[in-house]
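The values are calculated or read from the model by the stated rules, or taken from the named source; none is laboratory data. Because the structure is predicted, anything quoted here is derived from the model rather than measured. All Cβ positions, even for glycine, are placed from backbone atoms using ideal geometry, and neighbour counts span all protein chains on display. Calculation scope for accessible area: heavy atoms of the full protein, side chains included, ligands and nucleic acids excluded. Shrake-Rupley method; radii C 1.70, N 1.55, O 1.52, S 1.80 Å.
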Amino acid sequence: MAGADRQEVVRPEMKVAEVLRRWPQLLQVLAEASPAFQKLKNPLLRKTMPNLVTVAQAAKIGGLEPEELVARLNRALGVEARPEVPVGEVESLLGTPPPPWLSAPLGFHLDVRPILEQGGEPFQAIMAAAREVGPGTKLVLEVLFEPIPLYKVLGKQGFLAWCERLGERHYRVHFYRQGVREGQGVVAGPASLSEEDWRDYQAEVFIEENLEPPLPMMRVLEALARLRPGEKLLVHHVRRPVHLLARLEEEGHAYLLKDLGPGQVRILIRKGG
């Protein structure tokens, strides 16, 4: 329906999280469209799903054409609409020329296909692997689909990316960590705070051993949201929360982490903004 209101149809540039908030009934349609969307049935994963993922990007992740998925979602709403995908919206790297850094030394190799095939979420494993990769070396991932949203996440940590398709369900993604240039500042991470910052903080959070992910991260982010920019939060954790640390860096919050032994991790977070 060419004259359909922009707000009454699913569009390629809309975030998946927004689509599910507005039309919860489309969850089943997504789940049936591709096995890659099955994990969206988990309400906890839906709460932590990155808001950066658009319908067009999700389609590529699920091995679908963006126009096909958009039309399918709209038909479920009783609307015949096929909005065009904006140029550059999908941001795929497939088919682009191999970059000059492709021959850089391997820093870490990770195959997350078994995790994905079992319906798991490999984000924590990927972020942990990325931390092991030094400047001038590569992280190589073996995945079932092109992980387009990951380009932006790791790009904020200084990685360049390139992807190649080796088979129907086998993609290899190369992430090259650039060297730190002179005068280049670090927005978030341990270097942004000093030991003296541990002396005072405005709020405190305790994470119990039996608290299942992603509840620990949600508890920390909710406490952080109640603080003003520049105020600090002390977190008593039972493990190094790789997923949370990546989220803090992405949102521009500074942090310090101390590993005090088995089951004892302290994290001091200063709210950015």
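Of the candidates H243, H236, the single residue that is touching a helix residue (DSSP H, G or I) at 6+ places or on another chain (Cβ under 7 Å) and either outside any strand (DSSP E or B) or touching a residue at least 24 places away in the same chain (Cβ under 8 Å) (or both) is H243. Filter region 96-144 for residues that are of a type in the set (S, T, N, Q) and closer than 20 Å to Q157 by Cα; which is modelled with the highest pLDDT? Step by step, filter region 96-144, then rank; the result is T137. Residues of region 170-207 that are open to solvent by 40 Å² or more (accessible area, probe 1.4 Å), at pLDDT 90 or above and farther than 26 Å from E132 by Cβ: D200, Y201, Q202, E204, F206. When the residues of region 224-259 are filtered to those that are modelled with pLDDT of 90 or more and either among the β-branched types (V, I, T) or surrounded by 17 or more Cβ atoms within 10 Å (Cβ to Cβ) (or both), the one that is nearest to the chain's Cα centre (by Cα) is L224.
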